[in-house]
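Read the structure below first, then the notes.
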């Protein structure tokens, strides 16, 4: 039913950036075939799990996919992927390009098999620069893109955002690029290679906020958006916890001061008079707000902000967000019965479509569980499949009529 129904994706990605991109396409209706190495995606082993190889990081980035295990270092495994590509629309890889070339799986090889293929290479760095072949991980990209440095500009120690923000943002950017290429191919009839570099995309993300006066030549300052870098920009402590509030516009401040019985403050204190004066004194403005918010409980402030139409949210924990009234009402979290992992909490696809509804019905796969079916769809006979299992080019799990042991 999803808007990408009819699109087939060969997913040669691991860990997070690539799998998130392909999961999004699968959620939107694409048929995603995840090609895994004999040891499986390393993300299978991150976090607590009921069974080996089915950890939560993997479960939450690989639904809406089928899994096949191929040894791409063997000619038969490589040939299977190229054969699958003949009926695919997109190939997505986050393996370094030189490694893909050594495997005989460069864009040129896929284009020979299918001239209409969209080949998305999710890379660490633009391949025309000196960093081209360097390894790239979320932590490194956060550092190189000025994200870690931004904490020091806010008066803190340099730090990484405690989330794989680069992987996740670039994965989303990859979906945009892939779908753009599909739209163009529908006009031209031709495929193409799409390169999605983590480093450049994250630099553009961070400096979109913080290039500041460095936008100009010669520079007007050393860069940085003062409000975002204020050490006082944080969840505010209340009598019994924390609250997140953004009192931003003149209207917000006017209603806030009226709600607390101090409508005189903008006239009495020049720092609060206008947007410009608040921005010029942002550290002091936020510090004063912090002192005010200590006078009531979190629930009292949330009620006051709601009545005054001032933006505010509770500061949730990983556990309390599960009980958020809004997320409950929208059905964002639901408990599903996974065939091998039992009852799991799953998150909905956030995007809503009025006509082509998206409702994922395929949970994250066990390693290689769809291998036989995928190959039979592609025209392989049972004897050919058994031969590949025997040779070590293909692995299928025990419940798929083999012993589930990868040949040594």
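For (1) under 26 Å from the mean Cα position of the chain (by Cα); (2) assigned by TED's automatic domain parsing to the domain that holds residue 55, each residue gets a yes or a no:
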{"position": "300", "(1), (2)": "no, no"}
{"position": "303", "(1), (2)": "no, no"}
{"position": "321", "(1), (2)": "yes, no"}
{"position": "343", "(1), (2)": "yes, yes"}
{"position": "367", "(1), (2)": "yes, yes"}
{"position": "372", "(1), (2)": "no, yes"}
{"position": "377", "(1), (2)": "no, yes"}
{"position": "393", "(1), (2)": "no, yes"}
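Note on the stretch 311-340: residues that are in contact (Cβ under 8 Å) with a residue 24 or more places away in the chain and outside any strand (DSSP E or B) total 4.
Answer yes if at least one residue in the stretch 103-110 is assigned to a loop (DSSP other than H, G, I, E, B), free of Cβ contacts under 8 Å to residues at least 40 places away in the same chain and closer than 17 Å to residue 200 by Cα, and no otherwise. Spell out the reasoning first.
Within the stretch 103-110, the first condition is being assigned to a loop (DSSP other than H, G, I, E, B), and the residues that meet it are 103-106.
After this cut, where a residue has to be free of Cβ contacts under 8 Å to residues at least 40 places away in the same chain as well, the list is 103-104, 106.
Imposing the further condition that a residue be closer than 17 Å to residue 200 by Cα reduces the set to none.
Looking for residues that are assigned to a loop (DSSP other than H, G, I, E, B), free of Cβ contacts under 8 Å to residues at least 40 places away in the same chain and closer than 17 Å to residue 200 by Cα, one finds none in the stretch 103-110, hence no.
Among the residues of the stretch 324-338, the ones that are closer than 18 Å to residue 302 by Cα and either modelled with pLDDT under 95 or within 23 Å of the chain's Cα centre (by Cα) (or both) come to 3 in all.
Considering 378, 299, which residue is touching a helix residue (DSSP H, G or I) at 6+ places or on another chain (Cβ under 7 Å) and modelled with pLDDT of 95 or more? Result of the check over 378, 299: 378. The set of residues in the stretch 245-255 being under 30 Å from the mean Cα position of the chain (by Cα) and surrounded by 15 or more Cβ atoms within 10 Å (Cβ to Cβ) consists of 245, 247.
Residue by residue, here is whether (1) out of contact with any helix residue (DSSP H, G or I) (no Cβ under 8 Å at 6 or more places or on another chain); (2) closer than 23 Å to residue 168 by Cα; (3) assigned by TED's automatic domain parsing to the domain that holds residue 189 holds:
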residue	(1), (2), (3)
83	no, no, yes
95	yes, yes, yes
101	yes, no, yes
107	yes, no, yes
113	no, no, yes
124	no, yes, yes
130	yes, no, yes
139	yes, yes, yes
153	no, no, yes
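Whenever a residue of the stretch 353-375 is without any contact (Cβ under 8 Å) to a residue 40 or more places away in the chain, its partners that are part of a loop (DSSP other than H, G, I, E, B), lying with C-beta atoms within less than 6 angstrom and at least six residues away or across chains, give the pairs 372/396.
If you go through the stretch 116-138 one residue at a time, do you hit one that is modelled with pLDDT of 95 or more, surrounded by fewer than 19 Cβ atoms within 10 Å (Cβ to Cβ) and farther than 19 Å from residue 195 by Cβ? No, the stretch 116-138 contains no residue that is modelled with pLDDT of 95 or more, surrounded by fewer than 19 Cβ atoms within 10 Å (Cβ to Cβ) and farther than 19 Å from residue 195 by Cβ. Only one entry in 197, 218 is modelled with pLDDT of 95 or more, outside the structural domain of residue 280 (by TED's automatic domain parsing), farther than 18 Å from residue 150 by Cβ and surrounded by fewer than 16 Cβ atoms within 10 Å (Cβ to Cβ), namely 218.
The values are calculated or read from the model by the stated rules, or taken from the named source; none is laboratory data. Here the structure is a predicted model, which is why all the values come from computation and not from measurement. Positions of Cβ are generated from backbone atoms using ideal geometry, with glycine treated the same way; all protein chains shown enter the neighbour counts.
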